[in-house]
Amino acid sequence: MQHTRPAIGIVGLGLMGSALARRLIGAGFAVFGYDLEPSKCAVLRDIGGSPAASLADLGAACDRVLLAVFDTRQVEEVLERPDGLLPAGPRENGPRIVITTSTCDPVRISALGERLGEREVALLECPISGAEEHGEPRGALVRDDQVQLAVAV
């Protein structure tokens, strides 16, 4: 399949992350993914995505990254640990937009957003909720201070 849209990275290829990957691949996006479990990366490859060897590799390949991890702690770790998506130091490349699909602690996620903003990275908290049919999420609510937008995923 020839990709006509920008590459998107997904961290966390469980139920939510793999469903997002399927939808994005079906819509013509090149999808790179990372998960700690090799079997989940193999599933991504089978559906037409490209597994990344590390968080840093995924970040280098994608300007936009979705985080489909469990909670605020995991979001912080994925982004800020030394071998994470956005390692410390000057930002030479990597994602410009990070979207977390987790429901996060509002104080911690706001502070994280401030830290990332200083590095010219936008962080959006976009928890995905709603009915599931056969393990597939059916919708998302995207919110920030000025806009609220319901989207199909």
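What follows draws every value from the coordinates through simple rules; no lab data is involved. What you see is a predicted model; the values in this text were computed from it and never measured. Every residue, glycine as well, gets a Cβ built from its backbone with ideal geometry; the counts of neighbours run over all protein chains shown.
With both labels modelled 7 Å from their Cα along Cα-to-Cβ, the residue 63 to residue 81 distance reads 2.9 nm.
With a cut-off of 8 Å between alpha carbons and a minimum separation of six or more residues, what is the relative contact order of segment 1-71 in percent? Before the final figure, lay out each step's value.
Details: 124 pairs, mean separation 29.2, N = 71.
The value is 41 percent.
Take the Cα of residue 39, step 7 Å toward its Cβ, do the same at residue 120, and the gap between the two points is 4.2 nm. Per-residue 3J(HN,Hα) values for segment 27-34, derived from phi via the Karplus relation 6.51 cos²θ - 1.76 cosθ + 1.60 with θ = phi - 60°, read 8, x, 8, 7, 10, 10, x, 9 Hz in sequence order (x marks Gly and Pro).
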